[in-house]
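The structure under discussion appears below in the form of structure tokens.
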């Protein structure tokens, strides 16, 4: 990627625009002073000052527009937008995977709790309740392991996906400058 510094040509153009503006300013200021010495009416010098301001503003805006167009072309914002779209797509895929993992965990916990309550409802004694509680803990642990395995899989896949996205982003930036 190109650094965010203006090129030598851009600096020369800016310097030339500043010199033209300075010359115009000096000429109009001299006209203002000469006109002010001849006229006692304030409207004449006021018109000249207003024209001077208008010319300076027009020259400044033209120079800024020219500098912006050079910088805009070097930044290649369309490639940046495409790259950000790819990053957003990757983030959406990761978020979807996380959500699916959370829903699977929640479903596993709910099923374990349902089994516990059904077992406790049919329990004959405290031994049955303890066995049902142990089964509940095992089922909850299994649901947690599945959720963590899903999260680990997403974490492991995120690195290569990020690297692939970064390579594609950098290559698309190089292709547009050729």
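The values are calculated or read from the model by the stated rules, or taken from the named source; none is laboratory data. Computed from a predicted structure; not experimentally measured. Here the Cβ is made from the backbone with ideal geometry for all residues, glycine too, and neighbour counts use every protein chain on show.
General observations
- Within the range 96-108, no residue that is outside the structural domain of residue 145 (by TED's automatic domain parsing) and part of a helix (DSSP H, G or I) sits with its Cβ atom under 7 Å from a residue that is surrounded by 12 or more Cβ atoms within 10 Å (Cβ to Cβ) and at pLDDT below 90 at 6+ positions apart or across chains.
- Qualifying position, being surrounded by fewer than 14 Cβ atoms within 10 Å (Cβ to Cβ), outside the structural domain of residue 13 (by TED's automatic domain parsing) and farther than 30 Å from residue 8 by Cβ, among 162, 154: 162
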